[in-house]
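Everything below concerns the one structure shown next.
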Amino acid sequence: MADIPNVTERQAKYFASMGASLEKATGKSLAEWVGIARTCPETSHRARLTWFKTTHGLLQNRASHVLSEAFEPNSAWRDPDALIEALWTDAAARDIYQAIDTAALALPGALRTARKGYTAWSRTFQFAAARPVKGGVVLGLAIPPDSAAGLDTPRSEPWSERLKSRLAISTPGQVEDTLRARLEAAWQGS
């Protein structure tokens, strides 16, 4: 996973340590685990994770790392532009996303990472994430929900638990000085 673009230094160290510690902790190399993964009778990612845990005692983070190498070595995860294109297909949501992206990337040291269901921005830690919804975008921020008007507590969001608040955005114009200040406050804590 070392060839994933746009990861923070901390994330790169995490992926490197995950691979390095796998053999030490389990007695099997990544290549051996990849071979085992390919024998899994399950087809969905979640079912494969459960299979790894119950059959081999390999927990979620290590199992996800192995499964990524076994079944998604050339996945869109490694092509953030493809993920962004696939996620932000609605023109109105894409305009909002682009306004958020411009504001977030203007912060020193900020970088963007893409996932299947959302786009995130990090410095050392994730400080914001956005996902398209009907009628606009939901933006998660690493600031408390009571720190500014209009923020609420996330429920069942796919992004980092560090993002303690969320905000619904329905137009690109809402990404103005107030929202920029909220992004900056979240960035400062990252």
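The values are calculated or read from the model by the stated rules, or taken from the named source; none is laboratory data. Model, not experiment: these values are computed from the prediction. We place every Cβ from the backbone using ideal geometry, glycine too, and count neighbours over all the protein chains shown. Keep in mind that these areas ignore ligands, DNA and RNA; they rest on the heavy atoms of the full protein, side chains included. Shrake-Rupley method; radii C 1.70, N 1.55, O 1.52, S 1.80 Å.
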From the list LEU58, LEU67, which one is assigned to a loop (DSSP other than H, G, I, E, B), open to solvent by less than 70 Å² (accessible area, probe 1.4 Å) and within 20 Å of ALA16 (Cα to Cα)? LEU58
Give me the strands (runs of 3 or more DSSP E) completely within the range 71-190, filtered to those with at least 1 residues that are open to solvent by less than 30 Å² (accessible area, probe 1.4 Å) and either farther than 30 Å from THR43 by Cβ or among the acidic types (Asp, Glu) (or both), ordered by residue number. 119-122, 126-133, 136-141, 165-169
Looking at ALA82 and the list (1) modelled with pLDDT under 80; (2) hydrophobic (A, V, I, L, M, F, W, C); (3) closer than 28 Å to LEU105 by Cα, which single condition is not satisfied? (1)
